Every structure is written in structure tokens, then in C-alpha cells.
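Below is one structure; the comments refer to it alone.
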Amino acid sequence: MSFAEVRLPDSICEGSKGGPQYNTVVVATASGAEQRIALWQQSLRRYDIQYGVRLEAEADELIAFFNARQGKLSGFRWKDWNDFEAVDAPQTVYDTNKIQLYKRYTSGGVNYDRKITKPVSGAVTLKQNGSPYTNFSLDTTTGIVTLNGSTGGTWLASFEFDSPVRFDSDTIEYTLDDGYRVFSSIPVVELLI
């Protein structure tokens, strides 16, 4: 899978709309009750860039970015301005000295852990048993933290992250209105990597 470790400009992401979705089948029984079947265990985020393009310079930048990614072909980083950071998210050590970053969402006693594969460089801090821990390295292309010292205890991570996405169309359409480009829908879909 082709993925460019480059982020769509923040100014375009900021004005876009979108968020998480699930895929659930609802089957009504003969008695009128229903059964619900989750086809996806993880949410998948979708966005529409159309609303983020407000300036002519942003339109030029978006078209150049789209061409460089060749439409759907290559993935890229996306800053979801509504969900781009975690504070003191619980983490688990695996393989003796590694942590895969996760962001935890909690509601009504239920936890949902989202795997983070695109943390922002320089924006990750760790705590071991409540104390800052700095003896680690981070792979910003996978979200894997390698601990270089003690690995026991309770781990918390605070970080900023991008979502891995791709364009969900091979076409960008726009019209000229008084010399300004007005875009049709430009869908973007999250990649589960």
C-alpha cells in the first residue's frame, strides 16, 4: 500500500467535516424485535474536504496535493481537528519493551481503544507509575514506542496524532464562480493500518 508521510495542510483539514462511522446490520424478526450485527469492530472515519477550502491559495494547494497522491492511490496524514490528541491514555507493554500507542474513549463504563499509527513527532510524552519517562524512541510511521529502560509498572501516554487517510475519489470537480473555485464533494476515508 502506498503511503506518503505528509500531512494535508492544516488549514484545509480544519474546515472539513466528518467523523467516525460503523457498519451495523439491523435485522427485524417476525415478532418485531431486532438483531444487530456489527460488521466492523473498529470505527472508520470519513471526511469531506469541500468545506475546508476557503481561499484561492488553498484551492491551488489542494489540487497539487491531490495530483501528487494520484487520487486514491497514495495515503497521507490528516489532522482531525476534533480528535487529534490523547492525555494520559493507558498503555500496555508488549514484546518485553514495546508499546503500541492507543487512545482510549470511555462512556458508561465501556472502553474503546483506538490504535494510533501516526503520532506527531515531538508530541509524545510517557509516564511510568505517574513519573515522566524519557528513555524511549518513537516510530512515527507505526505508533510503536520502544522503551530503553525499565518496563514494569503502569504506563500512560499523552500525544498528538494524525489519522492515516486517502482520497476516496479519483476526481476533483469544481466550478468557477466570480473567479473563485467552488468544489463539489471531496471525500477522504481513513485507512486502518
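The values are calculated or read from the model by the stated rules, or taken from the named source; none is laboratory data. As the structure is a computational prediction, the values presented were derived from the model and not from experiment. Virtual Cβ from ideal backbone geometry, glycine too; neighbours counted across all protein chains shown. With ligands, DNA and RNA removed, areas are computed over all heavy atoms of the protein, side chains included. Shrake-Rupley method; radii C 1.70, N 1.55, O 1.52, S 1.80 Å.
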Report task. Using only protein heavy atoms and a 1.4 Å probe, report how much of Phe65 is accessible, in Å² to the nearest 10. Result -> 20
Requested in this report: Using a cut-off of 14 Å between beta-carbons, work out the net charge of the residues near Gln70 (Lys and Arg +1, Asp and Glu -1, Gln70 not included).
Outcome: +1
Requested in this report: List, largest first, the extents of the alpha carbons of the stretch 52-193 along their principal axes, each in whole Å.
Outcome: 62, 34, 23
Query - Simple spin-label estimate for Thr175 and Val110 in nanometres, 7 Å along Cα-Cβ - result: 4.3
Requested in this report: Would you kindly state how much longer the chain becomes between Thr151 and Val87 on full extension, computed as 0.36 nm times their sequence separation minus their alpha carbon distance, in nm to one decimal?
Outcome: 21.0 nm
Query raised in the report: Under the definition of Cα pairs under 8 Å and six or more residues apart, what whole-number percent is the relative contact order of the stretch 152-193?
Result: 43
Query raised in the report: What nm distance separates the two modelled labels at Thr141 and Lys127, each placed 7 Å from Cα along Cα→Cβ?
Result: 3.2
Query raised in the report: Given the options Thr171, Thr29, Thr92, which has the most mean-square fluctuation in a GNM of the chain, springs set between C-alpha atoms less than 10 angstrom apart?
Result: Thr29
Query - Förster radius 35 Å - calculated FRET efficiency between Gln35 and Asn97, Cβ distance, rounded to 0.05 - result: 0.20
Report task. Please count, across the chain, the pairs of lysine residues with Cα atoms under 20 Å apart that sit 8 or more places apart or on different chains. Result -> 14
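For the chain, with every protein chain kept in place, what is the accessible area per residue (1.4 Å probe, Å²)?
54
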Requested in this report: With a 1.4 Å probe and every protein chain kept in, tell me what percent of the accessible surface of the chain is carbon plus sulfur.
Outcome: 50
Report summary line: Here the stretch 104-109 yields Karplus 3J(HN,Hα) values (6.51, -1.76, 1.60; θ = phi - 60°; whole Hz; Gly and Pro given as x) of 9, 10, 10, 8, x, x
Query raised in the report: Across the Cα atoms of the stretch 102-181, what radius of gyration and what greatest pairwise Cα-Cα distance (Dmax) are found, in Å?
Result: 19.2, 63
Query - Cα radius of gyration and Dmax for the stretch 1-95 (Å) - result: 18.7, 58
Query - Helix axis angle, 56-69 relative to the chain longest principal axis, alpha carbon, degrees - result: 70
Query - Built amide H within the under 5 Å cut-off of Ser169, gap 5+ - result: Lys72
Requested in this report: Please work out the Cα center distance from the stretch 4-53 to the stretch 127-193, rounded to the nearest Å.
Outcome: 16
